[in-house]
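Q: Before we start, here is the structure in question, set down as structure tokens.
Just so you know, all these numbers are worked out from the coordinates, no wet-lab data involved. All of these numbers come straight from a predicted model, not from anything done at the bench. Glycine also receives a Cβ, built like all others from the backbone with ideal geometry; neighbour counts cover every protein chain displayed.
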Amino acid sequence: MKLMFLLLVTTILVSCSCNPIKYKSDLGFMNSAQANSLEYFVRVNDSPCKDMDGKMGLCAKRIESNKALNFSMEAREYGYEFSLSCTKAINSDFTISIEKGKPYSFIIVPEKFLDVRSFTCIGEIVPNDRDQQISAKWYVRVVIFDGKYVEREAIYKTTKRKKDWLIFGKHARYVYINGKRFKKRTGIEIKGEGPFFGYSESERMRFNYYGY
């Protein structure tokens, strides 16, 4: 009897330790898709899709015209129906059922967006483990740039002759750092720990950034 009591107490303690606060259903609240709040987690070419406020589910992606796009979603504790709806010109819409516990990914190949400069895709997830009809969505805007375009080198911090520098690169025609402006300076001496915020502009209006 005493052993059974101890087992019961242990079970209760273990159960309590899993939930620091009591679980409560949010049935009755507006669901995220219904509210047009894009919140579902998706990765685009391995990077989480998030907006300028750090919220997941809404993002923009720049991609070279000769590179593919990979969208991936993590496994869920339920099966669901997934629907993709993209700009008509890239002809990539589909609907598929995903099993419980299975991650899912798909690719949009460069041949799909040869004739467009940008497109959007919306993914909608409808779970099959809830009685009410609900869904969640993610939204990605894709901007395509020429695969032959050469981007600027990254700005980096280095130490030379016992001085700390931010190196903006050999093409830095205009340099901006912490509110100060310089012309044709490939590197700027910095002092202290910062923070430092800077960028440079080349003759051909190619840019690089640091610290933002």
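Q: Over the Cα atoms of segment 71-127, Rg to Rh with Kirkwood Rh, two decimal places?
A: Reported Rg/Rh (Cα atoms, Kirkwood Rh): 1.03.
Q: From the cross-link list Lys163/Lys184; Lys157/Lys184; Lys162/Lys191; Lys67/Lys137; Lys55/Lys102; Lys157/Lys183, which pairs have alpha carbons spaced over 22 Å apart?
A: Flagged as over cut-off: Lys67/Lys137; Lys55/Lys102.
Q: Quick check on segment 43-145: take the gyration tensor over C-alpha atoms, sort the square-rooted eigenvalues as a ≥ b ≥ c, and tell me if it's rounded (a/c under 1.5), prolate or oblate.
A: prolate
Q: Then there is this: Based on the mean of other beta carbon atoms within 10 Å per residue, what is the order of 178-187, 85-94, most packed first?
A: Output ranking for 178-187, 85-94: 85-94, 178-187.
Q: Using helices alone, what [θ] at 222 nm do you get for the chain, with -39,500 (n - 2.57) per DSSP H run of 4 or more residues, divided over all residues and rounded to the nearest 500?
A: -2500 deg cm²/dmol
Q: Moving on. Over the chain, what is the relative contact order in percent, taking alpha-carbon pairs closer than 8 angstrom and at least six residues apart?
A: 16 percent
Q: Run through segment 179-212 and list the GluC sites (Glu not before Pro) located in a DSSP loop whose Cβ has at most 16 other Cβ atoms within 10 Å.
A: Glu193, Glu203
Q: I've got another one for you. Stretch Arg43-Asp129 to full length: gain in nm at 0.36 nm per residue minus the Cα-Cα span?
A: In short, 28.6 nm is gained.
Q: Tell me the angle of helix 2-18 to the major Cα principal axis of the chain, expressed in degrees between 0 and 90 and rounded to the nearest ten.
A: 30 degrees
Q: Continuing with the same structure: Give the value in nm², to one decimal: projected area of the alpha carbon convex hull of segment 156-210, averaged over all directions.
A: Its average projected convex-hull area is 3.6 nm².
Q: Which label marks the calculated value of semi-axes √(5λ) of the Cα gyration tensor in Å, given the options [x] 45, 30, 15; [y] 31, 18, 15; [z] 52, 17, 12?
A: Here the calculated entry is [x].
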